[in-house]
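The values are calculated or read from the model by the stated rules, or taken from the named source; none is laboratory data. Since we're looking at a predicted model, the values are computed, not measured. Heads up, the Cβs are rebuilt from the backbone with ideal geometry, glycines too, and the neighbour counts pull from every protein chain shown.
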Amino acid sequence: MHQKNDYICNMKQINITAQIRVCDYTELSSQDKILVDTAKEATQAAYAPYSHFQVGAAVQLTDGIVVTGNNQENVAYPSGLCAERTALFYANAHYPDRAVDTIAIAAYAHGDYVDAPITPCGGCRQVILEAQNRYQHPVRLILYGKKEVYIIPKITDLLPLSFSEFG
Ligand code: THU
């Protein structure tokens, strides 16, 4: 008897791939190192009294301007906001005519930066995708961990099959 998951559909199969380059911090370009350092620094001003997990984001616009953000928590938990969205909404508010080029993300917990990179939550991926679509410019991500750093060329690598009104 066929189980629910045993269907064999012959029309086609969609395979999803993502390009993630794993590097050591020392291998980054000097500009990327500065952006990562800025994201690390931003973790220190996070307001995270509930999770004690401090996230920093540094957003580089195409003309080189860098804006930062960090997670802002609230006693009414859902009212808080992630670092990535804090930074991106600031960028949108102040530089609405500049495309987003790169976002660096770092996290600090238990008195140190995390060993392995954290990846943005689903809600933040959606917001980063909006920036990519809005300016028709790929948003590159640099996810910092002490032991390894992920470089992801565009947000669509992290959000395949994203919603579009046009199918
Ligand atoms: N957080 C971020 O700021 N960015 C992420 O990509 C994941 C999670 C925050 C939300 C919350 O304040 C804390 O980290 C713990 O989840």
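Worth a mention:
- Qualifying residue in the range 19-39 (condition: under 26 Å from residue 110 (Cα atoms) and within 14 Å of the ligand (Cβ to nearest atom)): yes
- Yes/no for residue 47 being over 15 Å from residue 144 (Cβ atoms) and modelled with pLDDT of 95 or more: yes
- Where strands (runs of 3 or more DSSP E) fall entirely within the range 45-133, those with at least 1 residues that are within 12 Å of the ligand (Cβ to nearest atom) and under 10 Å from the mean Cα position of the chain (by Cα) are at 53-61, 100-109.
- Taken as a whole, the structure leaves residue 159 outside the set of residues that are crowded, with 19+ Cβ neighbours inside 10 Å and at negative phi.
- Just one residue in the set 123, 145 is surrounded by 14 or more Cβ atoms within 10 Å (Cβ to Cβ) and modelled with pLDDT of 95 or more; that residue is 145.
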